[in-house]
Amino acid sequence: MAPLYATISSSLVTLTLLVAIANSNAILVKFGYSGANGPDRWGCLSPQFALCSKGTRQSPINIIKNGAVFNPKLRPLKRDYVASNATLVDNGFNIELKFDDAVGNVIVDGKKYWLKQMHWHSPSEHTINGERFPMEIHMVHKSDDGNITVIAIFYKYGHPDPFLFQIKEKLAELNKEREEETTKPKFRLNVIWIILGKVREITKEQADALRAPLSKEYKNNSRPIQR
């Protein structure tokens, strides 16, 4: 079976670049993934980030396979993606592929969610039976009423990922062009997470290429497991 994003990745019409530049009118708060500005401190960095420390049922989590409860009411995941233009964005803290048009959707529990962007974390944010994978991709979907569904896919080292071959040169351009980053942790409650069980493969060189454009403090950009 082809990767979930195969329809998109094999038929991108145009891939452009966007380097995230700090907006002088925006309120910027420096955050990180360790140290004084790490995840356990995000809620204290600014009042607008208070939910980072007060929210409940947060991600990422450790999934215990034997502890998972089967829900017979769940329906098969329906997805419908089409060719679309896309923009490769260096946010400073991650690499994001942003879609310009209605690239397609998934239907979750009878509700339609449109794919807006996908981005990568290294190492993986979620774990399975305590195992953390080299990389995890998040496909972020949004419904017409503003709700969010994220499809997460794990990667292990192995064969090359065909899609990353297509954006290899663009990643190299991002690595050369990035100047400064707009930094703020993204936090939102009531997100539906769909974590696929099949682990995909990526080479270490491809993983390194995704990390290369990022600032040193963001090359390992995964949050700790929630307790």
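The values are calculated or read from the model by the stated rules, or taken from the named source; none is laboratory data. Source: prediction; values computed, not measured. Because the Cβ atoms are built from the backbone with ideal geometry, glycine has one as well, and the counts that use them run over all protein chains shown.
Count of the stretch 135-163 residues, restricted to those that are of a type in the set (Phe, Trp, Tyr), modelled with pLDDT of 95 or more and surrounded by 15 or more Cβ atoms within 10 Å (Cβ to Cβ), is 2.
Conditions tested, residue by residue: (1) assigned to a loop (DSSP other than H, G, I, E, B); (2) basic (Lys, Arg); (3) modelled with pLDDT under 85; (4) surrounded by 14 or more Cβ atoms within 10 Å (Cβ to Cβ).
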site	(1), (2), (3), (4)
Gly43	no, no, yes, yes
Cys52	no, no, yes, yes
Asn71	yes, no, yes, no
Asp80	no, no, no, no
Thr87	no, no, no, yes
Asp101	yes, no, yes, no
Ile107	no, no, no, yes
Trp114	no, no, no, yes
His119	no, no, no, yes
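Tallying residues that are part of a loop (DSSP other than H, G, I, E, B) and under 16 Å from Lys170 (Cβ atoms) within the stretch 206-227 yields 3.
Residues to consider are His138, His126, His121; find the one that is free of Cβ contacts under 8 Å to residues at least 40 places away in the same chain and within 30 Å of Lys204 (Cβ to Cβ).
Selected residue: His138, the only one of His138, His126, His121 that is free of Cβ contacts under 8 Å to residues at least 40 places away in the same chain and within 30 Å of Lys204 (Cβ to Cβ).
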